[in-house]
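Each remark here refers to the structure printed beneath this line.
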Amino acid sequence: MSTSLPRILLTGFDPFGGESINPSWEAVHALHGKRIGGHRISALQLPTEFAGSLHMLKEAMRELTPVIVLGVGQAGGRQQLSIERVAINVQDARIPDNAGAQPVDEPVIAGAPAAYFSTLPIKAMLAALQAHGVPAEISNSAGTYVCNHIAYAMLHLAGKRRGMRAGFIHIPYSPAQAARRRGAASMALAEVVRGLEIALRTAIATPLDRKLGAGTLD
Ligand code: PCA
């Protein structure tokens, strides 16, 4: 495996909230070591823990110096791949994390800005996904749990490095998870993996985002 290719760091999470799998990890793991658009993918599993995830993310970003960092997490109940536009500087946990921590209204990084916008081309990614028949949407909130926390931290850390871009995508339940919940939407693993590949190819090829309407009134 060539080590000279520019790196993409792709993160997923371990299971949380009583689930036995987290499809975000299954999906990013499937891309580990792959070459996409002249870049090499490194997949990293983060613990669903506020403190632990941040620590591991920092180490990996320092070690790999990726040009793109894409975080992936599960948001059961979402119906499509949800490309996050923004991450906010707050932790407000409805359930304890996997280490038992349940911060309420604490900053992700004290003294840092209230929010960061994704530095990946979210509209171009949306258009590419839709063109390839993958259901996708722009989301204007990554929540206030560990995913938002890590999305915020990625953007904070990437912003300090020239040429390093970052963003976050939430994914729906897997079919097996949805089968236990009446009416819940799901997306098969292969489709999530295909979607992530399309999103990454688009991010690589699009230094400046497109201007496309995708707003909501809710
Ligand atoms: N989803 C959670 C944390 C880990 C994950 O996969 C969230 O949306 O915050």
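The values are calculated or read from the model by the stated rules, or taken from the named source; none is laboratory data. Quick caveat: nothing in here was measured; it's all calculated off a predicted structure. All Cβ positions, even for glycine, are placed from backbone atoms using ideal geometry, and neighbour counts span all protein chains on display. Surface accessibility is based on the protein's heavy atoms, side chains included, excluding ligands, DNA and RNA. Shrake-Rupley method; radii C 1.70, N 1.55, O 1.52, S 1.80 Å.
Of the numbered conditions (1) in contact (Cβ under 8 Å) with a residue 12 or more places away in the chain; (2) surrounded by fewer than 22 Cβ atoms within 10 Å (Cβ to Cβ); (3) more than 18 Å from ASP14 (Cβ to Cβ), GLY195 satisfies every one except a single condition; which is it? For GLY195, the exception is condition (2).
Screening the candidates ARG201, ARG210 for the property of being under 23 Å from SER42 (Cα atoms) and open to solvent by 60 Å² or more (accessible area, probe 1.4 Å) yields one hit, ARG201.
Residue-wise test of (1) more than 16 Å from the ligand (Cβ to nearest atom); (2) farther than 16 Å from LEU54 by Cα; (3) modelled with pLDDT of 95 or more.
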| position | (1), (2), (3) |
| --- | --- |
| ASN89 | no, no, yes |
| ALA127 | yes, yes, yes |
| ALA131 | yes, yes, yes |
| SER141 | no, yes, yes |
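Contact annotation: residue pairs with Cβ atoms under 8 Å, 6 or more positions apart or on different chains, pairing a residue in region 143-154 that is more than 6 Å from the ligand (Cβ to nearest atom) with a partner that is in a helix (DSSP H, G or I) and open to solvent by 20 Å² or more (accessible area, probe 1.4 Å), are HIS149/LEU54; ILE150/LEU54; ALA153/LEU54; ALA153/LYS58. When region 103-142 is limited to residues that are free of Cβ contacts under 8 Å to residues at least 24 places away in the same chain and either charged (D, E, K, R) or open to solvent by less than 20 Å² (accessible area, probe 1.4 Å) (or both), the one that is nearest to ALA158 (Cα to Cα) turns out to be GLU106.
Please specify each residue of region 134-188 satisfying the condition of being of a type in the set (Val, Ile, Thr) and not in a loop (DSSP other than H, G, I, E, B). Working first, answer last.
Filtering region 134-188 down to residues of a type in the set (Val, Ile, Thr) leaves 134, 138, 144, 146, 150, 169, 171.
Scanning region 134-188 gives ILE138, VAL146, ILE150, ILE169, ILE171.
State all residues of region 156-177 that are within 15 Å of the ligand (Cβ to nearest atom) and not β-branched (Val, Ile, Thr); if no residue qualifies, say none. First the steps, then the outcome.
Taking region 156-177 and keeping what is within 15 Å of the ligand (Cβ to nearest atom), we get 167-174, 177.
Answer for region 156-177, where residues must be within 15 Å of the ligand (Cβ to nearest atom) and not β-branched (Val, Ile, Thr): GLY167, PHE168, HIS170, PRO172, TYR173, SER174, GLN177.
Residues checked against (1) open to solvent by 40 Å² or more (accessible area, probe 1.4 Å); (2) at pLDDT below 95; (3) of a type in the set (S, T, N, Q):
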| site | (1), (2), (3) |
| --- | --- |
| ARG7 | yes, no, no |
| GLY12 | no, no, no |
| ARG40 | no, no, no |
| PRO47 | no, no, no |
| MET61 | no, no, no |
| THR65 | yes, no, yes |
| GLY73 | no, no, no |
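Among residues that are away from the ligand (no atom under 16 Å from the Cβ), of a type in the set (D, E, K, R) and crowded, with 17+ Cβ neighbours inside 10 Å, ARG35 is not included. Scanning region 79-100 for residues that are open to solvent by 40 Å² or more (accessible area, probe 1.4 Å) and part of a loop (DSSP other than H, G, I, E, B) gives GLN79, GLN80, ARG85, ARG94, ILE95, PRO96, ASN98, ALA99, GLY100. Looking only at residues in region 98-119 that are closer than 26 Å to PRO15 by Cα and hydrophobic (A, V, I, L, M, F, W, C), the one that is farthest from the ligand (Cβ to nearest atom) is ILE109.
Does THR11 satisfy being under 30 Å from ARG181 (Cα atoms) and not basic (Lys, Arg)? Here the answer is yes, as THR11 does meet what is asked. When LYS58 is tested against (1) within 14 Å of the ligand (Cβ to nearest atom); (2) part of a helix (DSSP H, G or I), just one condition goes unmet, and that condition is (1).
When GLN79 is tested against (1) more than 9 Å from the ligand (Cβ to nearest atom); (2) closer than 20 Å to HIS149 by Cβ; (3) polar (S, T, N, Q), only condition (2) is not met.
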